[in-house]
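The values are calculated or read from the model by the stated rules, or taken from the named source; none is laboratory data. Note that this is a predicted model, so its numbers are computed, not measured. No Cβ is skipped: glycine too gets one built from the backbone with ideal geometry, and neighbour counts run over all protein chains shown. Side chains included, ligands, DNA and RNA excluded: accessible areas come from the protein's heavy atoms. Shrake-Rupley method; radii C 1.70, N 1.55, O 1.52, S 1.80 Å.
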Amino acid sequence: MNHIASPQTGDTAIEQEIKSKGLTAPLITPAYIEANIASEHYHSPNTAGDQCWTGETNGALDTLTFCVLVLRNGFTVTGESACASPKNFNTEIGRKIARANAVQKIRPLMGYALKQKLREGGAA
């Protein structure tokens, strides 16, 4: 059986393909997104001791991680991760997944802002 190689579809691979084709119009790159993140904050209800988490959860919050990214303009974007099995929970991995989910929400926002700027005739 012949296998067809899947094209690389990660942000970096796509950015490289765009450049290799000589496409030079403004676009939202991974580096541009990262440059627009002013700070990042994490919250895990299982370790926070936060009184806002009330009621019986039967351990459901023990594997939940939130990430809040504050953008340079002050807007906030959130991401979350929830591990299905407490045996697999790892704080560092939970934070990476929550952050990645938050970052995915930034691209459409920045894309909208870029489109608006281009529509108004501004240099981007």
For the list (1) part of a loop (DSSP other than H, G, I, E, B); (2) open to solvent by less than 80 Å² (accessible area, probe 1.4 Å); (3) under 18 Å from Ala31 (Cβ atoms), I need the number of the one condition that Ala113 fails.
(1)
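Which residue is farthest from the chain's Cα centre (by Cα), if the candidates are limited to the stretch 83-96 and must be farther than 16 Å from Ser39 by Cα and open to solvent by 80 Å² or more (accessible area, probe 1.4 Å)?
Within the stretch 83-96, the subset farther than 16 Å from Ser39 by Cα is 83-94.
Subsequent filtering for residues that are open to solvent by 80 Å² or more (accessible area, probe 1.4 Å) retains 84, 86-88, 92-93.
Values: Ala84: 20, Pro86: 23, Lys87: 25, Asn88: 22, Glu92: 15, Ile93: 14 Å.
Per the stated criteria, the residue is Lys87.
Among the polar types (S, T, N, Q) and either at pLDDT below 90 or on the phi > 0 side of the Ramachandran plot (or both): is that true of Thr65 in this structure? Don't jump to the end; show me each part of the working.
On the way: among the polar types (S, T, N, Q): yes; either at pLDDT below 90 or on the phi > 0 side of the Ramachandran plot (or both): no.
So Thr65 fails the test.
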